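The values are calculated or read from the model by the stated rules, or taken from the named source; none is laboratory data. Since the structure is predicted, the reported quantities are computational estimates derived from the model, not experimental observations. Every residue, glycine as well, gets a Cβ built from its backbone with ideal geometry; the counts of neighbours run over all protein chains shown.
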Amino acid sequence: MGRRALRKIDPELDLTGYLWRFEDLPRPWNPVSIFDRIAPLEVEVGSGKGMFLCQAAMANLQHDFLGIEIASKYARFTASRLAKLGLPNAAIVLGDALRVFAEIFPENAIDTVHIYFPDPWWKKRHWKRRIIRPSFLADLYRSLKPGGIVHFWTDVQQYFEESRALFREGGFEEKWAISELRAPSEAEGGPIPEGQPPPGYQTHFERRMRLQAVPIFKAIFQKPQQTPAESGSSAN
């Protein structure tokens with residue numbers, strides 16, 4: 001199943017405030033410069049066409065949502081969707097998530113991170129390009145607030161298992177992991193675990209995989225409320 005071509009963006013649409021280039025992000029980081037307020041911050045790595053970003057921002061106006069997308073055409077398309085909806089609590093960055101986390105976000109700045117279907121880079125010689133790597137996870141861990149959550153989904157089981165190990169090695173606690181053949185709204189029995197996004201399709205890619213009956217592997221990781229060093233000092 002091929003990808004549908006992106007709809008043309010209205011040239012009259014003002015993307016100011018919705019589309020941010022990496023070079024224009026506030027330094028030092030100040031979310032007020034983007035959202036005009038301080039609120040819980042959720043970051044999506046690789047926003048694609050913006051389905052999750054739009055749905056999540058509409059569903060939770062009390063939180064701010066910042067997408068990061070390296071492909072210009074998708075970043076601009078997502079920004080146009082946000083602008084049409086007039087969402088005050090969502091924006092997207094055109095840039096490399098590795099650099100945004102390494103150079104922009106300070107310590108304890110983010111409440112939740114969403115990583116849905118990152119490129120698995122199938123060839124072994126390209127695995128070094130995968131977003132889930134020790135250096136990125138170290139920056140992600142630093143940027144998350146204590147108790148902060150990471151949602152990670154992929155349709156590649158090997159990548160899923162390797163990533164779970166890297167998260168644990170990086171100091172994260174695994175709170176939940178599952179393999180699903182159907183969307184949560186279609187699944188039988190049992191409540192959706194705490195911290196899980198609302199039922200239904202979260203991204204365009206997920207929708208394509210569901211139609212092809214491809215299993216989705218999901219996990220939730222958490223930065224501990226206390227680091228090992230803090231836990232040790234409090235026990236003394």
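Here are some notes:
- Criterion (among the acidic types (D, E) and either over 25 Å from D139 (Cα atoms) or touching a residue at least 24 places away in the same chain (Cβ under 8 Å) (or both)) met by exactly one of D96, D24: D96
- Residue that is farthest from V43 (Cα to Cα), among those in segment 151-183 that are aliphatic (A, V, I, L, M) and at pLDDT 95 or above: A165
- Members of segment 117-150 that are surrounded by 13 or more Cβ atoms within 10 Å (Cβ to Cβ), in a helix (DSSP H, G or I) and at pLDDT 90 or above: F136, L137, A138, D139, L140, Y141, R142, S143
- Within segment 1-35, the only residue that satisfies the criterion of being under 29 Å from W153 (Cα atoms), modelled with pLDDT of 95 or more and among the basic types (K, R) is R21.
- Residue tally, condition touching a Gly at 6+ places or on another chain (Cβ under 7 Å) and over 16 Å from R21 (Cα atoms), over segment 79-94: 1
- Given (1) at pLDDT 95 or above; (2) touching a helix residue (DSSP H, G or I) at 6+ places or on another chain (Cβ under 9 Å), number of the condition E186 does not satisfy: (1)
- Residue in segment 43-61 that is surrounded by fewer than 19 Cβ atoms within 10 Å (Cβ to Cβ), more than 21 Å from I115 (Cα to Cα) and among the small types (G, A, S) present: no
- Count - residues of segment 143-161 that are hydroxyl-bearing (S, T, Y) and under 11 Å from S179 (Cα atoms): 1
- When residues of segment 96-116 are limited to those that are of a type outside the set (D, E), within 14 Å of the chain's Cα centre (by Cα) and more than 12 Å from L41 (Cβ to Cβ), the one surrounded by the fewest Cβ atoms within 10 Å (Cβ to Cβ): L98
- Any hit, segment 111-121, residues being without any contact (Cβ under 8 Å) to a residue 12 or more places away in the chain and either over 21 Å from D36 (Cα atoms) or touching an Asp or Glu at 6+ places or on another chain (Cβ under 8 Å) (or both): yes
- Matching residues, segment 71-80, being within 22 Å of H151 (Cβ to Cβ) and crowded, with 22+ Cβ neighbours inside 10 Å: A75, T78
- Qualifying residue in segment 36-49 (condition: of a type outside the set (G, A, S), within 19 Å of G148 (Cβ to Cβ) and modelled with pLDDT under 95): no
- Among residues of segment 27-50 being free of Cβ contacts under 8 Å to residues at least 24 places away in the same chain and out of contact with any helix residue (DSSP H, G or I) (no Cβ under 8 Å at 6 or more places or on another chain), the one that is farthest from I70 (Cα to Cα) is V32.
- Which numbered condition P40 fails, given (1) over 20 Å from A83 (Cβ atoms); (2) surrounded by 10 or more Cβ atoms within 10 Å (Cβ to Cβ); (3) more than 19 Å from the chain's Cα centre (by Cα): (3)
- When G17 is tested against the conditions (1) in a helix (DSSP H, G or I); (2) at positive phi, the lone failure is (1).
- Within segment 53-70, residues that are assigned to a helix (DSSP H, G or I) reach partners that are crowded, with 23+ Cβ neighbours inside 10 Å and of a type in the set (D, E) with beta carbons closer than 6 Å, at six or more positions or on different chains, in the pairs L53/E44.
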